[in-house]
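The values are calculated or read from the model by the stated rules, or taken from the named source; none is laboratory data. Quick caveat: nothing in here was measured; it's all calculated off a predicted structure. So basically every Cβ, Gly included, is an ideal-geometry build from the backbone, and we count neighbours across all protein chains shown.
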Amino acid sequence: MTLSNVGSILASLTQLTQLNRTSALTHRVKDLSVPEFICLLDFITAEFQQFLRAIEMINNEALETMLEQVMDAFTLKIGQILQADRTTIFLVDADKGQLWAKIPQAETSKPLEIRIPLNVGLAGHVATTGDCLNIPDAYNHPLFNKEVDERPGYHTHTLLCMPILSSSKQVVAVVQLLNKAGGMPFDADDEQRFRDFAASIGIILETCQSFYMAARNQRGAAALLKATASLGQSLDLEATLRLVMDQARDLMQADRSTLFMLSKETGELWSKVATADGSDFVEIRIPANRGIAGYVASTGQTLNIPDAYKDPRFDPTTDKRTGYVTRNILCMPVYNSKNELIGVTQLINKQQGSFSSSDEEFMRAFNIQAGIALENAKLFENVLIEKQYQKDILQSLSDAVISTDMQGRIVTINDAALALLGCPHTSKDSKIQKLWEYKLMGRYVWDVVPIDNLKERLQGSLTTGTKHYVPEQNLTLGLYKSPGRSSLNGHGTLGNSAVLNWEKGMGSRAEFTTPYGSPEGDVYILALPKSDDPNVFIPWNETPWDSNASTYLSNEQVREIERSINLTVNPLTNLEGTVRGGLVVLEDMTREKRMKTTMYRYMTPRVAEQVMARGEDSLMVGERKDVTILFSDIRGYTTLTENLGAAEVVSLLNQYFETMVEAVFNHEGTLDKFIGDALMAVFGAPLPLQENHAWMAVKSALDMRWRLAAFNQSRMLTNQPLIRIGIGISSGEVVAGNIGSQKRMDYTVIGDGVNLSARLESATKEYGCDIILSEYTYALCHERIWVRELDRIRVKGKNQAVSIYELIGESDVPLNDSTKRFLDFYAAGRQAYLNRDFEKALTYFEQAYPLKPLTDQAVSIHLDRAAYYRNNPPPEWWDGVHTLTTK
């Protein structure tokens, strides 16, 4: 069967391949008969069989050998036809700008590959111009280049150099014929005979080179795919470094390869290379701006060096030391996904020839994948470092931290959380701790941390991302001391039948069947109270696999632990804000709660909270502070209590101190201590007060005066003796801190201000008043109070005199006329007394006396002193200061 329009159909096929038009073929074949369509299929089949044979040739590893055989055959036959003594066919390598040929060697089966620059010598001239050169005397021709055209040990006389053109009229090869037989020069007939078959040879060579390049690219692409595919097999950085070097060497058919990583912190390139015996790897470092690798790292440019010894950047020291000869080098940069240079690949000595531009392209593609693999390995290393860092942080936290998955199951639990739940303090790799971790990991957190509404709060965080903070939650749990395997008797039973049943019922999750072996000796296990019966505890709060086994423990069998917990429940989110888990933080406030309870006895809750917020260390460190100290003491305590029983004394003091301490707390004072029937309070420590500390102490003293009157009023109704007190107040700098021994410490203050306050409290007995202030306290709040300057005294043990004042009341409460007159007379008498006018002093004190007859000891004291000094004048150095002889 013939097809009338076969040419038209084939033209359509060619047009289809060029224009990718499918509708043209459809239009042509729709009117064909069945025999014509079958004939068309035969033609198309023949064409595609040619394609398949071409593909087979490309994939054939012997293609390079076929090309060499074709070249050898053409070389032999052209020499025979043109009667030349020597014939060479140089192929054009446009990528490298070279002519290259393979010259058979008699002594070896491997041919010698020679390469010459494309624009040098006679063959180079023909390759670049496409002209024919017919030279009768080669050595005298101006284009003859002795270094390129001369053959060692061979003398060239006549020479014919002809170009071979491709179908597109490009020079693909140059044929060089030397010394025609008989000593005759090559003539025009020789040139014509060559041209007769040169076109066919050109097409053949062009086709062979195309197949060769396609095959080389195919092998290169396959090798590149294999190399890059293996780069993702490891996330270990060192393993990836070695893998990149091995794959790069195999891909480029190089003798050696090195991958240098750039360290921006140190300004160095570093790598790990195998030792001489290959048993280990050692790290090498070079400056990032030295040598060939340093040049590439500094500039980001590719270096393809065909002759290393001609490049001034090459350092031949290593070659001289080892005997290795470096011929050529390909050095290229490696970038990460952010286009930042992170390393340099360096390939040495291509096995055949030198590195080509095609090699650069393949290596550039390889380096892109290598950069990604290295970046991933580096990121993974950073992730591992960060993971360990986070783990270390988690373990170093003093708060209990438990992370969960989206279902609320425990993923991580730190040491503080294990300790909070009662795990004994043991070494990190102990079987006991691993046992606890094994029993708790993967459990619902609310099953092992029985805090009210924990499940609802955590599920709310996991579903809606809400955060919860719930202070002072109660956590009740128990510890059961279970004997280890070594405590089993000869029958394999435990002393407690309930625990034995529990072990049997728990199956593979039983305490003694963990992957960590059987702990020896006694083991403490977690027991949690039963939800509907707090007197019953369940080991690990697990349901036994054997429904007939009893795992319950009574509260007598466990050591019950009560904890006060601040509960925080937060969601764990990723970068996009999506919840990926939960975080439960348990702040153990048990010790703090006890500490608060203790501190509430000595200071107001507000001050206690502030002290707690500052931490215990704030109390441990001694500080100098300006404060006011108040001492209070019951007058005539011994006489008051000598007829009372012990219980009655304790009851009296408790009632009295109850109301006095309230007076201290109401004005932000800190109760320092009780000293028998006395109390000491500090204003301005441990925390500074917002209000004037002297004023707050004065207000507290006035409050005590009022409270004592109310306290005595109730005692009068029951015919009980009245209580009188004395209060001494002074201000100044003290040292505040925890003072004592390691076994017992108390927060207190020490200093002259403390001693003076105690002396002033004692002085109230001598002066017959209830509250005495030092001049230091008076100076800080004088505009707010009514006072009477009692005297100027020198307390026992001190040389410095101090003025003392009786506290009358607050200045916003007006004084009555009688009191004003009394104070005026007393002040005038004091002034005359200090001026040594004792007669006038007596007059004033005598006028003051009737206003408070028999009740004011200070007036009586000054009447006696003034009368004495009137009759016995004091010496010239007398300063009016009275020295106390008692404490």
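Key figures
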read-out	value
Checklist (1) at pLDDT 85 or above; (2) out of contact with any helix residue (DSSP H, G or I) (no Cβ under 9 Å at 6 or more places or on another chain); (3) of a type in the set (S, T, N, Q); (4) over 28 Å from ARG290 (Cβ atoms) applied to THR207, failing item	(1)
Candidate set: segment 781-810, residues that are surrounded by 22 or more Cβ atoms within 10 Å (Cβ to Cβ) and touching a Lys or Arg at 6+ places or on another chain (Cβ under 6 Å); chosen: the one nearest to THR764 (Cα to Cα)	GLU806
Leading residue by the ranking (surrounded by the fewest Cβ atoms within 10 Å (Cβ to Cβ)) among those in segment 110-129 that are of a type outside the set (Ser, Thr, Tyr) and assigned to a helix (DSSP H, G or I)	HIS125
So GLN80, is it under 18 Å from SER200 (Cα atoms) and exposed (fewer than 14 other Cβ atoms within 10 Å of the Cβ)	yes
Test: residue in segment 700-719 that is in contact with a Lys or Arg (Cβ under 9 Å, 6 or more places away or on another chain) and acidic (Asp, Glu)	no
Close pairs from segment 172-185: first assigned to a loop (DSSP other than H, G, I, E, B), partner surrounded by fewer than 22 Cβ atoms within 10 Å (Cβ to Cβ), Cβ under 6 Å, at least 6 apart	PRO185/PRO136; PRO185/THR158
Hits in segment 145-162 (condition: surrounded by 18 or more Cβ atoms within 10 Å (Cβ to Cβ) and assigned to a loop (DSSP other than H, G, I, E, B))	THR156, THR158
Candidates ARG794, ARG830, filtered to the one that is closer than 29 Å to ASP752 by Cβ and assigned by TED's automatic domain parsing to the domain that holds CYS769	ARG794
Strands (runs of 3 or more DSSP E) wholly inside segment 712-806 containing at least 1 residues that are small (Gly, Ala, Ser) and more than 58 Å from the chain's Cα centre (by Cα)	724-740
Residue count, segment 850-864 (criterion: surrounded by 14 or more Cβ atoms within 10 Å (Cβ to Cβ) and assigned to a helix (DSSP H, G or I))	8
Meets criteria (farther than 22 Å from ASN382 by Cα and at pLDDT 75 or above) for SER279	no
Residue among PHE845, PHE822 that is touching a residue at least 12 places away in the same chain (Cβ under 8 Å) and over 22 Å from ARG705 (Cβ atoms)	PHE845
Every residue from segment 434-475 that is in a strand (DSSP E or B) and either surrounded by 14 or more Cβ atoms within 10 Å (Cβ to Cβ) or modelled with pLDDT of 90 or more (or both)	TYR444, HIS468, VAL470, GLN473, LEU475
Segment 110-153: number of residues that are hydroxyl-bearing (Ser, Thr, Tyr) and under 60 Å from the mean Cα position of the chain (by Cα)	0
Segment 625-650, subset among the polar types (S, T, N, Q) and within 60 Å of the chain's Cα centre (by Cα), residue nearest to LEU760 (Cα to Cα)	SER632
Cβ pairs under 9 Å, 6+ apart, first in segment 635-652 and outside any helix (DSSP H, G or I), second polar (S, T, N, Q) and surrounded by 14 or more Cβ atoms within 10 Å (Cβ to Cβ)	ARG635/THR764
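So that you can scan it fast, the table gives a plain yes or no per residue for (1) within 34 Å of the chain's Cα centre (by Cα); (2) closer than 28 Å to ASP315 by Cα:
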residue	(1), (2)
ARG327	no, yes
TYR335	yes, yes
LYS338	yes, no
SER358	no, yes
PHE362	no, yes
GLY371	yes, yes
ASN376	yes, no
TYR389	yes, no
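Results for (1) among the β-branched types (Val, Ile, Thr); (2) touching a helix residue (DSSP H, G or I) at 6+ places or on another chain (Cβ under 7 Å), shown as yes or no for each residue.
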residue	(1), (2)
LEU243	no, yes
MET252	no, yes
GLU268	no, no
ASN289	no, yes
THR302	yes, yes
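One line per residue, one yes/no per condition, for (1) surrounded by 14 or more Cβ atoms within 10 Å (Cβ to Cβ); (2) among the charged types (D, E, K, R); (3) touching a helix residue (DSSP H, G or I) at 6+ places or on another chain (Cβ under 9 Å):
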| site | (1), (2), (3) |
| --- | --- |
| GLY829 | yes, no, yes |
| ALA832 | yes, no, yes |
| ASP837 | yes, yes, yes |
| ALA848 | yes, no, yes |
| ALA866 | yes, no, yes |
| GLU876 | no, yes, no |
| GLY880 | yes, no, yes |
